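Encoded as structure tokens, the structure appears first; notes follow it.
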Amino acid sequence: MGLLSSFSNWRNERHEKFLNEMEESGKCPDCRGRGFTLPYSAYVAGYECPSCNGSGLFSDWEAFND
């Protein structure tokens, strides 16, 4: 069980570090500031990011996730 909790702690710390980096740069964590998400197929155009409504801003992402 110690191994599982260590992995879980590492993953949570990594996610928090990523969120802090995105907040410092002002970018949406889901689309990384692009304003759109890429589909898995190369034949389909990108979709507007639903988390920031296509703005790519951390402030919009934060307001949507609160």
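The values are calculated or read from the model by the stated rules, or taken from the named source; none is laboratory data. From a predicted model like this one, the values you see are computed outputs, not experimental measurements. Counting neighbours? That spans all protein chains shown, and the Cβs are built from the backbone with ideal geometry, glycine included. Quick note on the areas: whole protein, heavy atoms, side chains included, nothing else; ligands and nucleic acids left out. Shrake-Rupley method; radii C 1.70, N 1.55, O 1.52, S 1.80 Å.
Here is how the numbers come out for the structure above:
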{"item": "0 to 90° range, to nearest 10: angle between helix 2-25 axis and the chain longest Cα axis", "result": "40"}
{"item": "Where trypsin sites (Lys or Arg not before Pro) in DSSP loops with at most 16 other Cβ within 10 Å are excluded, longest remaining stretch of the chain", "result": "35-66"}
{"item": "Assigned charges on the beta-carbon of Lys, Arg, Asp, Glu; the chain dipole about Cα centre (debye)", "result": "320"}
{"item": "Helix-only [θ]222 nm of the chain, DSSP H runs n ≥ 4, -39500 (n - 2.57) each, per residue, nearest 500", "result": "-16000 deg cm²/dmol"}
{"item": "Cα-based radius of gyration of the chain once divided by 2.2 N^0.38 Å, which approximates compact folds", "result": "1.36"}
{"item": "Whole-number accessible area per residue in Å² for the chain, which is evaluated in the context of all protein chains at 1.4 Å", "result": "80"}
{"item": "Additional length obtainable on full extension of the chain from Glu13 to Phe64, 0.36 nm per residue less Cα span", "result": "16.1 nm"}
